[in-house]
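Participant: Have a look at this one.
Rule-based calculations on the coordinates, nothing more; no lab input. It should be emphasised that the depicted structure is a prediction, and the values quoted were computed from it without experimental measurement. No Cβ is skipped: glycine too gets one built from the backbone with ideal geometry, and neighbour counts run over all protein chains shown.
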């Protein structure tokens, strides 16, 4: 199935077809995850999980900046998340999440997987939505988050080479321990260009 979002190339699911709805009037995209789905390559050697599916498009050649505001709806269970994601294959992927913690708080979480997952918590969210951003900067990628979509806080930078397939970039909803998770992405933007400074808020 192909989904078209204004300003983006055609989107396809990275795994099994998921559930998505595009609001033609606003350009917002809503994903509904299946129950019990996640992406994780446990660093301790536990079972890998790749039941979640991202709605994604081929990452542009060269430097780019891709962002969206993320809102997770309703009552949340632990690790429910809406995310922007990079995906090559089961061993080469990354995601930047609005995730619900075991302590019952919503926070910025990032995961970079190169064989095994490097999972890092960021800060607690101050409101019901957060803007997330993925940028390619030369041979590296950068993750940022923002309360207002204007001033961007640095999350991390990392080097990740693709595996079996070129990278796709897009949208993800997950509910590892719950019955499902509904996430809306709006203020979606994709642009060619390079971030000149990863830590100056721009």
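Participant: Rank-order 169-176, 90-97 by packing density, defined as the average count of other C-beta atoms within 10 Å over each peptide's residues, highest first.
Facilitator: On the way: 169-176: 27.5, 90-97: 23.9.
Ranked by mean Cβ neighbours within 10 Å, highest first: 169-176, 90-97.
Participant: Can you put 99, 75 in order, fewest other beta carbons within 10 Å first?
Facilitator: Fewest to most other Cβ atoms nearby, the residues stand as 75, 99.
Participant: Which entry in [x] 1.01; [y] 0.92; [z] 1.14 matches Rg/Rh (Cα atoms, Kirkwood Rh) derived from the coordinates of this structure?
Facilitator: [y]
Participant: For region 64-165, just say rounded, prolate or oblate: build the C-alpha gyration tensor, square-root its eigenvalues into a ≥ b ≥ c, call rounded for a/c under 1.5, and beyond that prolate if a/b exceeds b/c, oblate if not. Let's see the in-between values first.
Facilitator: Numbers: a/c = 2.10, a/b = 1.39, b/c = 1.51.
Since a/c reaches 1.5 but b/c is at least a/b, the shape of region 64-165 is classed as oblate.
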